[in-house]
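J.: First the structure, which I've put down as structure tokens, then a few questions once you've had a look.
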Amino acid sequence: MSEAITFSRYGGPDVLTLTEVDTPEPGSGQVRIRVRAVGVNLIDLKIRSGTMADVRPVEFPVLPGWDVAGVVDEVGADATALVGDEVFGVASVGGYSEYALLEQPVAKPREVSFETAAGLVTVGETAYRGLHHLGAKAGDTLLIHGAGGSVGTIAVQLAAARGITVVGTVGAQEIERVSELGATAVRYGEGWVERVRTAAPQGVDYVLDCSGAGVLADSVTLVGDAARVITIADTAAAQHGVRFTGDDPTDRFWQALPQLAELIAAGRLEIPIAGTYPLADAARAHADIEARRARGKVILLP
């Protein structure tokens, strides 16, 4: 037996409970890791609260979370890692636990902490995927909505490193930090279109919406073509002719994780960590995210 966080009904953070569960055994192609760090994502909160019950129903009890990093302690037949390897990736079963199973373990570079590796998984893949689908290239101008968030900050860095001119809409408190990452940061909210036009007098070629803040109609007008706008956050995308990426589980670029980890190891990519919490304090971690007290990735430490 081992410890994990589970919930048996929808509700607020208080439904998260530290529980004893059966320690999972790896099957063919799987490895089991002793989890050292777990990344908390917004979708974890949405599933827990029940706001996604219609589109992503669950069977109780639920063991939440996917983004894990740790040390391999047991392997199944044909596994792609060895006992003792430090790895990270997507847990086959919920990751808020002492042990988790991985089907596609990614080697963690020695220079990358377990906390950073766990924090990279979903947000790194999402940022990479959004930029891939847009197809922006060196010399283009890209507007990123929500550039101060976990996905946005990675997208800013990846785009700037490719020679793309980046403008990012952010909260006033994020302007300096996002500017340091390589973007021209402008304040979001009423009047953002005029501020973006001032910041990018040459025009905007593409838009990546990481905010879901109702900015798609004006974004399409700004670039003149809905095909040049993509959102990871606004489910009203189809009303504006905009592509929403995130619903299709086959539309993932997990193969980008080794590349992203190497960028971190080389000091060319930063994953902002807002804070770490003991696994038993998962409810407090969720509450801090909901209250917007956490800026950056929140990590649980089993």
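J.: If Gly130 satisfies all but one of (1) of a type outside the set (Lys, Arg); (2) more than 16 Å from Lys297 (Cα to Cα); (3) over 14 Å from the mean Cα position of the chain (by Cα), what's the number of the condition it fails?
T.: Result: Gly130 fails condition (3) only.
J.: Outside the structural domain of Val215 (by TED's automatic domain parsing), of a type in the set (Gly, Ala, Ser) and in contact with a strand residue (DSSP E or B) (Cβ under 6 Å, 6 or more places away or on another chain), is that true of Gly168? Can you show your working first?
T.: Values: outside the structural domain of Val215 (by TED's automatic domain parsing): no; of a type in the set (Gly, Ala, Ser): yes; in contact with a strand residue (DSSP E or B) (Cβ under 6 Å, 6 or more places away or on another chain): yes.
Against the criterion (outside the structural domain of Val215 (by TED's automatic domain parsing), of a type in the set (Gly, Ala, Ser) and in contact with a strand residue (DSSP E or B) (Cβ under 6 Å, 6 or more places away or on another chain)), Gly168 does not qualify.
J.: Is it fair to say Ile144 is part of a strand (DSSP E or B), under 30 Å from Gln202 (Cβ atoms) and at pLDDT 95 or above?
T.: On the way: part of a strand (DSSP E or B): yes; under 30 Å from Gln202 (Cβ atoms): yes; at pLDDT 95 or above: yes.
Criteria met by Ile144.
J.: Let me ask something else. Is it the case that some residue within the stretch 149-164 is of a type in the set (Gly, Ala, Ser), touching a residue at least 60 places away in the same chain (Cβ under 8 Å) and not in a helix (DSSP H, G or I)? It would help to see each step written out before you state the result.
T.: Step one: list which residues in the stretch 149-164 are of a type in the set (Gly, Ala, Ser), which gives 149-150, 152, 155, 159-161, 163.
From what is left, the residues that are touching a residue at least 60 places away in the same chain (Cβ under 8 Å) are 149-150, 161.
Now drop any that are not not in a helix (DSSP H, G or I), which leaves 149.
Yes, that holds for at least one residue.
J.: Which one of the conditions (1) crowded, with 17+ Cβ neighbours inside 10 Å; (2) part of a helix (DSSP H, G or I); (3) among the polar types (S, T, N, Q) does Thr198 fail to meet, given that it meets all the rest?
T.: Among (1) crowded, with 17+ Cβ neighbours inside 10 Å; (2) part of a helix (DSSP H, G or I); (3) among the polar types (S, T, N, Q), the lone unmet condition for Thr198 is (1).
J.: On the given criteria, is Ala256 closer than 17 Å to Ala127 by Cα, at pLDDT 95 or above and surrounded by 12 or more Cβ atoms within 10 Å (Cβ to Cβ)? Reasoning before the result, please.
T.: Details: closer than 17 Å to Ala127 by Cα: yes; at pLDDT 95 or above: yes; surrounded by 12 or more Cβ atoms within 10 Å (Cβ to Cβ): yes.
Criteria met by Ala256.
J.: For the stretch 212-219, does any single residue satisfy the condition of being closer than 22 Å to Val298 by Cβ and either modelled with pLDDT of 95 or more or surrounded by fewer than 22 Cβ atoms within 10 Å (Cβ to Cβ) (or both)?
T.: Yes - at least one qualifying residue is present in the stretch 212-219.
J.: Considering only the stretch 32-70, state which residues are in contact with a strand residue (DSSP E or B) (Cβ under 8 Å, 6 or more places away or on another chain), surrounded by 14 or more Cβ atoms within 10 Å (Cβ to Cβ) and over 23 Å from Val123 (Cβ atoms). Spell out how you get there, then give the answer.
T.: Here is the first cut: in the stretch 32-70, the ones in contact with a strand residue (DSSP E or B) (Cβ under 8 Å, 6 or more places away or on another chain) are 32-41, 47-48, 60-70.
Checking which are surrounded by 14 or more Cβ atoms within 10 Å (Cβ to Cβ) leaves us with 32-41, 47-48, 61-70.
Result: Arg32, Arg34, Pro61.
A quick yes/no check of all residues on (1) part of a loop (DSSP other than H, G, I, E, B); (2) among the charged types (D, E, K, R); (3) touching a residue at least 12 places away in the same chain (Cβ under 8 Å):
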site	(1), (2), (3)
Gly212	yes, no, yes
Ser219	no, no, yes
Ile230	no, no, yes
Asp234	yes, yes, yes
Ile264	no, no, yes
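Conditions tested, residue by residue: (1) more than 27 Å from Ser211 (Cβ to Cβ); (2) in a loop (DSSP other than H, G, I, E, B); (3) in contact with a helix residue (DSSP H, G or I) (Cβ under 9 Å, 6 or more places away or on another chain).
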site	(1), (2), (3)
Glu3	yes, no, yes
Val35	yes, no, yes
Ile43	no, no, yes
Val55	no, yes, no
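J.: Could you list, in sequence order, the residues of the stretch 71-86 that are touching a strand residue (DSSP E or B) at 6+ places or on another chain (Cβ under 6 Å) and either part of a strand (DSSP E or B) or surrounded by 15 or more Cβ atoms within 10 Å (Cβ to Cβ) (or both)?
T.: Filtering the stretch 71-86 down to residues touching a strand residue (DSSP E or B) at 6+ places or on another chain (Cβ under 6 Å) leaves 71-75, 79, 81, 83, 85-86.
Once the filter is applied, which keeps residues that are touching a strand residue (DSSP E or B) at 6+ places or on another chain (Cβ under 6 Å) and either part of a strand (DSSP E or B) or surrounded by 15 or more Cβ atoms within 10 Å (Cβ to Cβ) (or both), the stretch 71-86 yields Val71, Val72, Asp73, Glu74, Val75, Ala79, Ala81, Asp85, Glu86.
J.: Here is a follow-up. What's the number of the only condition in (1) in contact with a helix residue (DSSP H, G or I) (Cβ under 7 Å, 6 or more places away or on another chain); (2) of a type in the set (S, T, N, Q); (3) crowded, with 24+ Cβ neighbours inside 10 Å that Ser97 fails to meet?
T.: With respect to (1) in contact with a helix residue (DSSP H, G or I) (Cβ under 7 Å, 6 or more places away or on another chain); (2) of a type in the set (S, T, N, Q); (3) crowded, with 24+ Cβ neighbours inside 10 Å, Ser97 is out only on (1).
The values are calculated or read from the model by the stated rules, or taken from the named source; none is laboratory data. Note that this is a predicted model, so its numbers are computed, not measured. Heads up, the Cβs are rebuilt from the backbone with ideal geometry, glycines too, and the neighbour counts pull from every protein chain shown.
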